[in-house]
Every structure is written in structure tokens, then in C-alpha cells.
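Quick notes on the structure that follows.
The values are calculated or read from the model by the stated rules, or taken from the named source; none is laboratory data. Note that the structure is a prediction, hence the values are computed from the model and not measured. Note: ideal-geometry Cβ built from the backbone for every residue, glycine included; neighbour counts use all protein chains shown.
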């Protein structure tokens, strides 16, 4: 792939400006890698734990140790890590249905959750399909303040109004398909302390997708009861081919495990079918791979900002997830961006992405993902709903070098922002 001289010069300029940020990211990756390796050493990980089990999967030592390692790395008491969890939405559903009971309220304090949770909650979809609402579980929402912080006054008032019905405070760490800032671990820690002062019994549950290993700790380390995510995002390191996780307090994870399998069985069973090695290896790679994605996101912000686009975060801002948004301003601009990402991908580079009515989304969505693992958003990918302001949400890059190629391809395809 050949890029214009002006784009090549712009990328060199970007890398010079970004050198201090890249150095900081490398430092975070080293600290996180050290934490992962300490956990591997502490739990005596060996190649005997990579063996496959079938059937019920009782006494699968590899599965048991993986979940102990995961809990330590996440700063949690307990964890579930399974290849049988098919997506982040599936993992979140396990957590929501595991904790909430009829009459309870799920209270989202960072605005509307990600689009695919709308039908799970019962905000859309066909009544009777089995949403939380169908089971008599309520939903309340408070948006973030204009500066991206929690609206503590409204949250406090709502918690007092709901009383014991406020079973769960739900936080989506990443922006999802919203044009807002991503929440930091420190901000979530402040929220947890606030909630627990008012309602100690309330579970604080965090959708942690896209945020793992971006900082040197996770929301469980600052008191969150449960964090949830997908293995084909950050924590799978580009190695896990499917799967999801839930980590947190022993009781929260226990309740989730009963929803994952059945009451009385919980996390005690589950054949690993030869997937253990990839999940261990993915966790090992995760801090480094996340760092590569972060560097790619910084580069994207710099390049597209110089081309006249509005971006979030800005190129020189500290990040709390791997997502970079680029506001294209038009349907064609969004599609051109995604076409460029696809052309700059290692797999299916010859394919032209088109918008479609994807299950679980209210608007048509265009997705570009030339990935080795289908749908893997730690790999080079971009997507966005076809609605104003036509924002492209970019993430991933298994290596910075391949991510850079994808970004330059997207820039060449989209061109300078039209007035």
C-alpha cells in the first residue's frame, strides 16, 4: 500500500509529537505485565494446565487456576473466565440476571448503556422475550454531567428515593456509541465510595469493555463489586478466540455463576475443550497488545485532527480505554473511513464494508474488521451507527505498525474534512 507524501510526512510529525505519550504507555504496559507474571508465578502456572477437558469438565485444574490468576490480576476476590461466554453482551447479561431480582432496579449512572443492552434491559424489543423488564426489574438512568463527571447530587437523591430497590448501580466505563469521555478508574472509585456511603448493600457493576490494562489497576481494585468484559477485546490479548469474564467480590461472582450454568453448579463445571492455553497466552499478551492499540489510537487522533476532524480524545490526552472517536459529519464520510480501515487490514482487505441492520442495534451500523478472529475489536477495527453526527469509533491494532497502516489507509480514503 502506497501513501501520499503528505500523509507520510504527517505520520512522522505525529510520532515525534507523541514520543512522550508512547513512553508513558510503555511504562504502564511494563507495570501491568509485571502484575500478570507475578500472578502466573504465584499460582504455579505450568503446561499441564493447558490440557483439554470434555463433558462436565469437573476438576479442570487449568480452568480453576486461570480464574484464580485472573482474580489476582484484576484485584478481585473471585473470577469467571470462560470460552463459552460468546460476547461482552452475553457476559453482561449473566451479571445483570445473576444479581437482579423482581422488584429490583438497575440504575445506570453514566447515561444509556451500549446499544446491545437495550433489549436485554427491555428498553426496546418485543415484550415477552425475557428482558429484565419482563421479570419485573426496573430501570433508571442518570446522565453524566456536561464535563464528563458523575452527577453526584442526582445520584444521591435517586438512591435515597429508590431505597432497597436500588439493587445495582451500573457504570459503562467506555463511551460505547455515545460522544462522551471515558471514565477513569479513579472516577469509578469515587463513585463506589459515594454509593456505599448511602447504600452499602447496593452492587456497583462496571461494564469494563475496552478499558482493561489501559491503566495500572481495574475498577475492582477501587471497590467495584463486579467488572465484566469480553476476551476478544483487551484482556484476550489478540490470542483468545472467544470468551468473556466476570470478576469481583465472591458473592457477586457466585450469583453470576448460577446464571451462567445453574443454581447449585455455578462455576464448578465447564469443559475447556482445548481453549485454556489461548486464554492464558492472551492474558500474558494483554498488557502489551493493549499498549499497541493505545499508540494506534493516539496516532489516529493526531492525524485526523490535523485533517480537520473533531476527535475524542484529543491526541495529547491521557486515555482510559482504547476507543478513538472521529466525527466524520456525513454518512459518506463514515463509510469512507471504514472502507479505509478495511483496506488497511491483514484479513479481508479486498472486502468493501456496507451498512446493515445488525441484530441488537436500533440504527444501521457499518463495521470494518479485517481480523483473524471474527469480531475481535482488539484487532484493527472501526464501526459506527448511521446517525448524526456520523461518528467513527476506532479501536485496536495487534501491533502499532499494522495499526499505523490502517490509520493512514483510513486517512487516505476519507481525505481532509469537508467544510
Within the stretch 183-196, tally of residues that are surrounded by fewer than 24 Cβ atoms within 10 Å (Cβ to Cβ) and in contact (Cβ under 8 Å) with a residue 60 or more places away in the chain: 2
Residue 291 being within 26 Å of residue 317 (Cα to Cα) and either surrounded by 17 or more Cβ atoms within 10 Å (Cβ to Cβ) or in contact with a helix residue (DSSP H, G or I) (Cβ under 9 Å, 6 or more places away or on another chain) (or both): yes
Please verify whether the stretch 6-16 includes one or more residues that are surrounded by fewer than 22 Cβ atoms within 10 Å (Cβ to Cβ), touching a strand residue (DSSP E or B) at 6+ places or on another chain (Cβ under 8 Å) and in contact (Cβ under 8 Å) with a residue 60 or more places away in the chain. no
Residues satisfying the stated conditions in the stretch 119-151, i.e. over 27 Å from residue 190 (Cα atoms), surrounded by 15 or more Cβ atoms within 10 Å (Cβ to Cβ) and in contact (Cβ under 8 Å) with a residue 12 or more places away in the chain: 119, 120, 122, 123, 131, 132, 133
Kindly indicate which of 230, 257, 262 is in the same structural domain as residue 94 (by TED's automatic domain parsing), surrounded by fewer than 24 Cβ atoms within 10 Å (Cβ to Cβ) and in contact with a strand residue (DSSP E or B) (Cβ under 8 Å, 6 or more places away or on another chain). 257
Does the stretch 71-93 contain any residue that is in contact with a helix residue (DSSP H, G or I) (Cβ under 7 Å, 6 or more places away or on another chain) and on the phi > 0 side of the Ramachandran plot? yes
Condition test on residue 85, is it assigned to a loop (DSSP other than H, G, I, E, B), buried (at least 21 other Cβ atoms within 10 Å of the Cβ), in contact with a strand residue (DSSP E or B) (Cβ under 8 Å, 6 or more places away or on another chain) and modelled with pLDDT of 95 or more? yes
Of the candidates 154, 164, 201, the one satisfying the condition of being more than 23 Å from residue 322 (Cβ to Cβ), part of a loop (DSSP other than H, G, I, E, B) and in contact (Cβ under 8 Å) with a residue 12 or more places away in the chain is 201
Candidate set: the stretch 392-410, residues that are assigned to a strand (DSSP E or B) and under 10 Å from residue 380 (Cβ atoms); chosen: the one nearest to the chain's Cα centre (by Cα): 395
Looking at the stretch 90-106, can you tell me whether even one residue there is free of Cβ contacts under 8 Å to residues at least 60 places away in the same chain and in a loop (DSSP other than H, G, I, E, B)? yes
Give 392, 369 a once-over and let me know the one that is farther than 26 Å from residue 125 by Cα, surrounded by 15 or more Cβ atoms within 10 Å (Cβ to Cβ) and touching a strand residue (DSSP E or B) at 6+ places or on another chain (Cβ under 9 Å). 369
Hey, does the stretch 169-185 have a residue that's in a loop (DSSP other than H, G, I, E, B) and within 22 Å of residue 80 (Cβ to Cβ)? yes
Residues being closer than 14 Å to residue 410 by Cα and out of contact with any strand residue (DSSP E or B) (no Cβ under 8 Å at 6 or more places or on another chain): count how many of those fall in the stretch 352-366. 1
